[in-house]
Amino acid sequence: MIMGLILVVLLVVVVGYWIGVYNGLVRVRAEVKLAWSNIDVLLVQRHDELSKLVETCKQYLQYEQQTLERVMQARAAVVTARSSGSVAAVGSAEVGLRSGLAGLYAVAEKYPELKASEAFQHLQQRISGLEQALSDRREIYNEAVNINNVRIAAFPEVLIASRYGFNEATFLRFDASEKVDVDMKSLFAH
């Protein structure tokens, strides 16, 4: 009878541990999804603001259509990458968009009426704020990815993770040019 009681207690402990590990893995996977959703919200907001910025700039930059087209193509590339669900594709598209925006801001310096436009200044500030928020959220997302990836690779979680399809998440990375600070003064010195 004592042996049976010991087996029941042992079984309850093992099942309880398994449930705890499984639920912990579900929680970290959900945190990765939540962190990505927070990034996605900001990407959508920036997407909306970029179209307003381009429309504002079109009124002033009649001879700079190529610059505006580059920004719009980069914006479209980010939308396509977002819809593909590929974190790596979003990272790559973001590099092009950031470059396009830097070029647009540099060209805008040649047009005092545009620089003085309240709408342009507001949109530029709004987009800069969204860029900062994206940077912050990218850190949070990558931290959640790291926690997820460590948990599913650690023993004994790896046994449960591999059995129930818990997969590694992808870090949101940018290429080396994205990691260096942009020298905004040199962009505006034209």
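None of the figures in this text is laboratory data; all of them are computed from the coordinates on show. All figures in this text were calculated on a predicted structure; none of them were measured in a lab. Note that we place each Cβ from the backbone using ideal geometry, even for glycine, and neighbour counts take in every protein chain shown.
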- Task: Find how much the distance from Met1 to Arg163 grows on full extension, using 0.36 nm per residue of separation minus their present alpha carbon separation; answer in nm with one decimal.
- Result: 54.9 nm
- Task: Return the label of the correct value of log10 I(q)/I(0) by the Debye sum over Cα atoms at q = 0.08, 0.15 Å⁻¹, as calculated from the structure shown, out of [x] -0.21, -0.81; [y] -0.40, -0.91; [z] -0.29, -0.87.
- Result: [y]
- Among all stretches of the chain without exposed GluC sites (Glu not before Pro) (DSSP loop, at most 15 other Cβ atoms within 10 Å), which one is longest? 1-108
- Picking from Val12, Val28, Val78, which is most flexible by a Gaussian network model of the chain using Cα springs under 10 Å? Val12
- What percent does the relative contact order of the chain come to when contacts are Cα pairs within less than 8 Å and at least six residues apart? 32 percent
- Task: Give the angle, between 0 and 90 degrees and rounded to the nearest 10, that separates the Cα long axis of helix 118-153 from the longest principal axis of the Cα atoms of the chain.
- Result: 20 degrees
- Lys/Arg +1, Asp/Glu -1 at C-beta; region 22-188 dipole; positive extreme among Asn148, Thr67, Thr80: Asn148
- Taking every other residue with Cβ under 9 Å from the Cβ of Leu25 and scoring Lys and Arg +1, Asp and Glu -1, one gets +2
- Query: If r is the Cβ-Cβ distance from Glu113 to Ser51 and R0 is 22 Å, what FRET efficiency results, to the nearest 0.05?
  - Reply: 0.60
- Query: Which angle from 0 to 90°, rounded to the nearest 10, does the C-alpha axis of helix 65-84 make with the longest principal axis of the chain?
  - Reply: 10 degrees
- Note on the structure: Computed about the Cα centre, the charge dipole of region 1-111 from +1 Lys/Arg and -1 Asp/Glu charges at the Cβ has a magnitude in debye, to the nearest 20, of 160 debye
- Task: Enumerate by residue number the chymotrypsin sites (Phe, Trp or Tyr not before Pro) in region 1-72 meeting two conditions: DSSP loop (anything except H, G, I, E, B), and at most 10 other Cβ atoms within 10 Å of the site's Cβ.
- Result: Tyr63
- Item | Rg over Rh, two decimals, region 1-78 (C-alpha only, Kirkwood Rh) | 1.59
- Query: Which one of Leu134, Leu11, Leu34 has the biggest mean-square fluctuation once the chain is modelled by GNM with Cα springs under 10 Å?
  - Reply: Leu11
- How many lysine pairs in the chain, separated by 8 or more positions in sequence or lying on different chains, have Cα atoms less than 20 Å apart? 6
- Note on the structure: Quick calc, the chain, dipole around Cα centre from Cβ unit charges on Lys, Arg (+) and Asp, Glu (-), nearest 20 debye, gives 400 debye
